[in-house]
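The structure appears below as structure tokens.
The values are calculated or read from the model by the stated rules, or taken from the named source; none is laboratory data. Predicted, not measured: the structure shown is a model, and the values here were computed from it. Remember, those area values only see protein heavy atoms, side chains included, never the ligands or the DNA or RNA. Shrake-Rupley method; radii C 1.70, N 1.55, O 1.52, S 1.80 Å.
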Amino acid sequence: LKAAVEAAGEDARLSPGGVRLRNSVKAGDRLMADPDQLHRILVNLMKNARQAIQGSPERDGRGAVRVAFERRGETDIITVADDGPGLPARALSNLFQPFAGSGRPGGAGLGLAIARELAQAHGGDLALVANGAAGAVFEVTLPGAPSPPAAPGRKARAGEEA
């Protein structure tokens, strides 16, 4: 997942001199998802965050997008948070509706709609979990990958598959 986040950050045009990527995903973090569709989800979220930050005059084109991963029970969660101006109130009621949920002038509102549809096709979802002057936070939830089987000759511990 760490490499997938880095690649998506490049395609979303995040850069050290402007809106930078803070990738908190650990090297061993893995999840079950179609790589191309996961890439599309991440690029759409990061691109939206970059555009929001760059569209905020007081930010002078600088900011950060943080991506983190955690497993909660049977659910994998990718968090994409930015330090931009947050989403305007007018965008919130139609946030995931194509052609209606854009938070910026001239935007079609397709990025979030597509990202949510792709997450849902994986049996998960995409939700805005925080929004305000400190930025926006989205969570992509996906069904967790099954635990790997116990190594041959090793007895499974409680909670592990045998």
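Things to note:
- For residue 10, solvent-accessible area (1.4 Å; no DNA, RNA or ligand), Å²: 140 Å²
- Cα gyration tensor category, rounded, prolate or oblate, for segment 1-67 with a/c compared to 1.5: prolate
- Amide H contacts of residue 75 (H built 1.01 Å from N, under 5 Å, at least 5 apart or other chain): 144
- Of the whole protein surface, residue 62 contributes about 130 Å² of accessible area at a 1.4 Å probe radius.
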